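Input: a single structure, listed below in structure tokens.
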Amino acid sequence: MAVIKFPGSASRRGSGRDNAGSYGDDRIEEGYDSDIDDDGYIDDGHEDERDIEGAREAKRLHEEAAAESARPRRQKTRGQKVRFAMILALIFCGIGAFCLFLLNQNENAEYSQMELASVASISIPETVSFADLDDKGHVLLYNKDGASLIDSKGSSLWNIPFEMQQPLVSVQDGIAAIADYDGSTIYICDVSGQIGQVATSLPILQITATSNGNVAAVLEDSGTIWIYLYDEQGNTIAYIRRTMNQSGYPTGIALSPDGRLFSCAQLTTDGADIQTSIVFYNFGSVGQSAVDNAVGGYNYASEVFPYLAFLNDSTMIAVSDSRISFFSGEDVPQSIADAFHPAELQDVRTGDGYCALVFPDTTGEELSELDVYNAQGKCTGTIKFSLEYTGIKISGGLVIIYNSENILVYNVNGEERYSGSFGVTVNDVVPTGHANKYELITDSDVETMTLR
């Protein structure tokens, strides 16, 4: 049971007499032989030159022969490389097409039955909240007394005890930042446990984490707002000072997953009139020459933007009470789309490069309406449902809506894929990356839910 505790040459000689009985011819022949070199040339004083010319000629013939023999081999090798590259490209294209086919099949498959299988017994503390650390089944549990991480098998991987009045949690691609509202300590964790800690000199209002372990924090000092960017060891990377009179009060912040882009929604008032400025900051090389790293921004009259979020490293959404705005850009984000909604916004959820806005259903037929948008600002689907939900998650091209007893599964085009009841009381539904498998966390165990 996993328990969440918190706390070398030879000379030539004649016989001296030939068959004619004469010695003279032998002596002449011997003298002639003595003037002949090993290479067959008469020693006339030009031996060195002939050696060099011969060596050059031999080298030339050797090089020509080598080039002649190598030419077809190079051509053959080049052709083999081209064919090999083509085969690899075809294989990868085939694999990609197959994976895309499977993904589409998963997203478009309809299910009518559910199977539950117990995985492990666990003990869940009271008043605990849940957050998916990643897409591998690691779930963060936290409350005022501490935080713990469990895996898909229900095993407790680590516990961090602390005392907080109002825990703030931000999760980004396997990194979690945990802090107390109005506190001064930020715990930075991953699947292995605590990897860093930040101590602030001012009270914390908001925090947001990045996938590289950095964290941004909004701090307050008697009407002055400070926005700090820290690394996982608590070192200050950058900071921004804001006052209500000069720049406005920050109502929402967002930090890109790579920690390079930062955005802040700043509210200003002039009597009864209000205005929000959405400002973009670049903490990379582009922003170093800009004042306070600010590289751009947009103003919105009579609107408040309490929710900002990055869908990827270069795309951000800003949601007000009447619209959702999309911004995109590697270094200086630009406005690319706006969508207006007629009803009061109830909820905003993001995941897998999508965002979902939840409103009351204006037709009165259902309890809620959920609009799904992609990173280009296009509404891909609308979902109307009557379930009083406690959680909404977007994963693997699917939207999962659930409460403690029931679950609805739709694809991002708004098409229903499953609707049913758990048969047990469920605290959290954890996507596994498979369209038909989910981990369920109850008060006493972890179960696998398989849709058929």
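Quick notes on this structure:
- The strands (runs of 3 or more DSSP E) found entirely in region 379-452 that carry 1 or more residues being closer than 23 Å to residue 128 by Cβ and open to solvent by less than 10 Å² (accessible area, probe 1.4 Å) are 391-395, 398-402, 406-411, 428-431, 437-441, 445-451.
- Single residue of 209, 217 found to be within 19 Å of the chain's Cα centre (by Cα) and closer than 18 Å to residue 198 by Cβ: 209
- Those residues of region 255-283 which are under 15 Å from residue 331 (Cα atoms), in a strand (DSSP E or B) and not polar (S, T, N, Q), in sequence order: 255, 261, 262, 279, 280, 281
- Number of the condition not met by residue 341 [criteria: (1) over 17 Å from residue 206 (Cβ atoms); (2) surrounded by 16 or more Cβ atoms within 10 Å (Cβ to Cβ); (3) at pLDDT 95 or above]: (3)
- Yes/no for residue 248 being in contact with a Phe, Trp or Tyr (Cβ under 7 Å, 6 or more places away or on another chain), farther than 19 Å from residue 199 by Cα, surrounded by 16 or more Cβ atoms within 10 Å (Cβ to Cβ) and of a type outside the set (Phe, Trp, Tyr): no
- Yes/no for residue 168 being open to solvent by less than 40 Å² (accessible area, probe 1.4 Å), over 24 Å from residue 392 (Cβ atoms) and not charged (D, E, K, R): no
- Search result, residues across region 358-369 that are more than 13 Å from residue 391 (Cα to Cα) and open to solvent by less than 30 Å² (accessible area, probe 1.4 Å): 359, 361, 368
- Region 174-190: number of residues that are open to solvent by 10 Å² or more (accessible area, probe 1.4 Å) and farther than 13 Å from residue 162 by Cα: 5
- Residue in region 191-208 that is of a type in the set (Val, Ile, Thr) and open to solvent by 40 Å² or more (accessible area, probe 1.4 Å) present: yes
- Single residue of region 122-135 satisfying the filter (within 18 Å of residue 190 (Cβ to Cβ), modelled with pLDDT of 90 or more and in a loop (DSSP other than H, G, I, E, B)) that is farthest from the chain's Cα centre (by Cα): 133
- Of everything listed in (1) within 28 Å of the chain's Cα centre (by Cα); (2) more than 24 Å from residue 239 (Cβ to Cβ); (3) in a strand (DSSP E or B), the single unmet condition for residue 119 is (1).
- When residue 277 is tested against (1) surrounded by 15 or more Cβ atoms within 10 Å (Cβ to Cβ); (2) under 18 Å from residue 207 (Cα atoms), just one condition goes unmet, and that condition is (2).
- In the set 220, 232, only one residue is of a type in the set (Asp, Glu) and crowded, with 20+ Cβ neighbours inside 10 Å; that residue is 232.
- Per this entry, residue 263 is not counted among residues that are modelled with pLDDT of 95 or more, of a type in the set (Gly, Ala, Ser) and over 30 Å from residue 149 (Cα atoms).
- Screening region 284-335 for strands (runs of 3 or more DSSP E) wholly inside it with 3 or more residues that are touching a Phe, Trp or Tyr at 6+ places or on another chain (Cβ under 7 Å) and surrounded by 15 or more Cβ atoms within 10 Å (Cβ to Cβ) returns the ranges 294-301, 315-319.
The values are calculated or read from the model by the stated rules, or taken from the named source; none is laboratory data. Just so we're clear, the structure is a prediction, and the values are computed from it rather than from any experiment. Ideal geometry is used to build each Cβ from the backbone, glycine not excepted, and the neighbour counts take in all protein chains shown. When the accessible area is computed, the model is the full protein with side chains, heavy atoms only, and any ligands, DNA or RNA have been set aside. Shrake-Rupley method; radii C 1.70, N 1.55, O 1.52, S 1.80 Å.
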